[in-house]
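Read the structure below first, then the notes.
The values are calculated or read from the model by the stated rules, or taken from the named source; none is laboratory data. Computed from a predicted model, the values in this text were never measured in an experiment. Because the Cβ atoms are built from the backbone with ideal geometry, glycine has one as well, and the counts that use them run over all protein chains shown.
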Amino acid sequence: MLKFFCIASLVFISVFPVFSQSYQPRANYQQMLEPVDYILHGAGQDPGQRGVAGKDAFDNYWDVMNPSEKPIAYMYYEALRDIGNNWPRLLKADLLQYQDTMIVIQFGLELVGATDDIANGELDDDIANLLDGIEELGLPVYLRIGYEFNGLSWNGYQPASYKAAFIYLTEKIRERDHEIATVWNFVPDVTQPLNYLDYYPGDAYVDWWAINIFEVYQIDHSATMQFLQSAAQHQKPVLIGESTPKYVGVLNGQSSWDTWFAPFFDLIATQPGIKMTGYINWDWALYPQWSNWGDARLEANPLVRQLFDDEIDDSLYFHTGSEKAFRSALGYAEDIPPGKVENVAYDNSAYPATLNWDVAADTSGISRYMIYNYGELLDYTALTSYRMFNGNPFDSVEISITAVDRAGNTGIASDPASFSLPALPADTNDIITNGNFDLGLDFWNLNHYVTNVSGTLEIDSSALMSGPNSALVTISQNSGTNWHLQLQQFLEIKAGHRYAISYQARSNSNTVMETWLQQTHSPYFGYATKNVNLTPQVQSFKDTTVIVDEDDTVYLTFMLGTSGLSEIWIDSVSVIDLGNAVGIVSPQTYAVPERFTLHPPYPNPFNPTTTLSYELHSAGLVNLSIYNVLGERVHQAVNQYQPVGSYQLNWDARQLSSGLYFIHLAVENHVKTTKALLIR
């Protein structure tokens, strides 16, 4: 592909070599959720926390793909133990921004330290929360059960217990009528010379095989080829569960492409059993444990981005689109729509309002129900009941519901149900939801961030504090590091506002706990931190903080990693929005850029200096880099966190040769590129 740029009387030719494979037709094995003749296009990865780099990575990848080539598969992760019942609601909050297109979930389910307990039936409640959540999610799921099963040194899976857990989970899955494909996930690793078939649960329990590709050697390693050949012998389609150019990245442009991407796409092209991809669009340097893996973000290098896009343009790749198109790719051909949703009833006597309706009739089975408010998509679910956590108190709503079947046909909408939403159960200025735990554990999660901690979260109805329910965290194993065990709720805060944090707590013995109001994303700034001493007596704790920068997403977190082996009760949690802080200027009262902007350099053409300027309408980690026509980064002008505002800097290119250069600005999930011509 040739790109011509003509400025004044000069013509410069920029050569972007297009690398495009000759793809073999796909093999078809008629397994669960297997597309016929296609490769599902997927990306990620989401580490299970809203607002952190995983989510941003998918958004950025989505943005750099052409409009007709957006990914259909969204990578997501959860640990089975203590999975809770909130994860589908948080996940859907991210997915609803793609509401006009079909998304499927490529789900990594971690079983570290849990395989024996699964097979013994000790995690049946967690399994129920997983499967209930998938039903509430209402989307097809490709479930990588205990992914990277052979990674003995980092996950500790043993063949016998792993197989038993996989089989037990699969039997639980198949007791329900969910669209879940079970996936058995291998990683080729020279440090793990085990026979991978020792871990195989058997064809009856596995729908797909999966392989993860990171390092260059793994792409054509003998273990990789043997695994793919074995998958074909077992008549199983293969998904690439995780892939990223480890130790290569994208910043070296053509060299990066030739080293990792070209052989990676060659593997997909020549192996007809590969039917789904999963590219991790991360800057691994943001994570200390992976800091030398490189920057794999396509938006970080224009050349790699273009070549990747050219590759994914092959007709075998199936991108997001309508649900009907996806169902057709699965082999559904019938066009009979489901019946009308009937008997929609609501209860708005208390928060949250609830909806119930009858199962819609259909010949191919119901995929999900689409819930609309005044004709706008509100949510979706595979259940016939729905709790309305979204919306403001006393809002008027007009709810209608349509059924979508597994062939992608949409039925007739229900008659509308009109009512007003009830008041919140607490102060309307309280941005905490369910702080008294009257709704059970909804909106709260107990997260284990390492394997050597263990704790459980449950409701104690012994009226130990102010109301009938309290949250009880029982810690049976701890590490002594505060963030390793956290009780959390996700919140949104406003620029310039002050917040009052309060709660009650007690413990079975004297211990300590930390309370954090912390960003959900890099640089993970703590707006408020407080260490408290807990005793067997109920105590009330309060703290305030002033938010002076911008609207933000945070977690209210109770850090329990230094609390020892203890029982801790928490109740009456609130974060009260006190409004605009005295002496703090509201963003509406001073000049804030209306949008994210990268201006053309001035002068242009230039010799040897030019001025670069840009505007940020929200704060973030700013990366301003200059690339040559080969996609090689020749200068990094900015790489730091910057607040809202307008910026200007001088670029001195006296060390560079004449030619065309690309100025590339990336800030969080925003990307802009412009050009500059250096004339000697």
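A few points about this structure:
- Residue within the range 266-273 that is under 22 Å from Ala57 (Cα atoms) and touching a residue at least 60 places away in the same chain (Cβ under 8 Å) present: no
- The strands (runs of 3 or more DSSP E) located wholly in the range 380-466 that include 2 or more residues which are farther than 21 Å from Leu485 by Cα occupy 385-388, 396-405, 417-420.
- Output for the range 449-492, where each listed residue is within 14 Å of Arg81 (Cβ to Cβ), of a type in the set (Ser, Thr, Tyr) and within 28 Å of the chain's Cα centre (by Cα): Tyr449, Thr451, Ser454, Thr456
- Residues satisfying the stated conditions in the range 61-79, i.e. in contact (Cβ under 8 Å) with a residue 60 or more places away in the chain and not in a helix (DSSP H, G or I): Met65, Asn66, Ser68, Glu69, Lys70, Pro71, Ile72, Ala73, Met75, Ala79
- Hits in the range 266-297 - residues which are in a helix (DSSP H, G or I) and surrounded by fewer than 23 Cβ atoms within 10 Å (Cβ to Cβ): Asp266, Leu267, Ala269, Thr270, Trp284, Ala285, Leu286, Pro288, Gln289, Trp290
- Every residue from the range 225-247 that is in contact (Cβ under 8 Å) with a residue 60 or more places away in the chain and of a type in the set (Gly, Ala, Ser): Ala232, Gly241
Residue-wise test of (1) closer than 30 Å to Leu137 by Cα; (2) β-branched (Val, Ile, Thr).
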| residue | (1), (2) |
| --- | --- |
| Asn155 | yes, no |
| Lys163 | yes, no |
| Thr170 | yes, yes |
| Glu179 | yes, no |
| Thr191 | no, yes |
| Ile213 | yes, yes |
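- Matching residues, the range 283-297, being in contact with a strand residue (DSSP E or B) (Cβ under 8 Å, 6 or more places away or on another chain) and either among the polar types (S, T, N, Q) or modelled with pLDDT of 90 or more (or both): Asp295, Ala296, Arg297
- Residues being buried (at least 18 other Cβ atoms within 10 Å of the Cβ) and in contact with a His (Cβ under 8 Å, 6 or more places away or on another chain) - total across the range 446-479: 4
- Residue within the range 431-448 that is under 30 Å from Tyr77 (Cα atoms), charged (D, E, K, R), more than 27 Å from the chain's Cα centre (by Cα) and modelled with pLDDT under 95 present: yes
- Pick from the range 615-644, criterion more than 29 Å from the chain's Cα centre (by Cα) and assigned to a strand (DSSP E or B), ranking: surrounded by the most Cβ atoms within 10 Å (Cβ to Cβ): Tyr627
- Restricting the range 354-365 to residues that are surrounded by fewer than 21 Cβ atoms within 10 Å (Cβ to Cβ) and not charged (D, E, K, R), the residue that is nearest to Arg176 (Cα to Cα): Gly365
- The listed residues are Gly44, Gly151, and the only one of them that is in the same structural domain as Gly273 (by TED's automatic domain parsing), touching a residue at least 60 places away in the same chain (Cβ under 8 Å), small (Gly, Ala, Ser) and touching a Phe, Trp or Tyr at 6+ places or on another chain (Cβ under 9 Å) turns out to be Gly44.
- Enumeration of residues in the range 363-378 that are without any contact (Cβ under 8 Å) to a residue 60 or more places away in the chain and more than 19 Å from Asp415 (Cβ to Cβ): Thr363, Ser364
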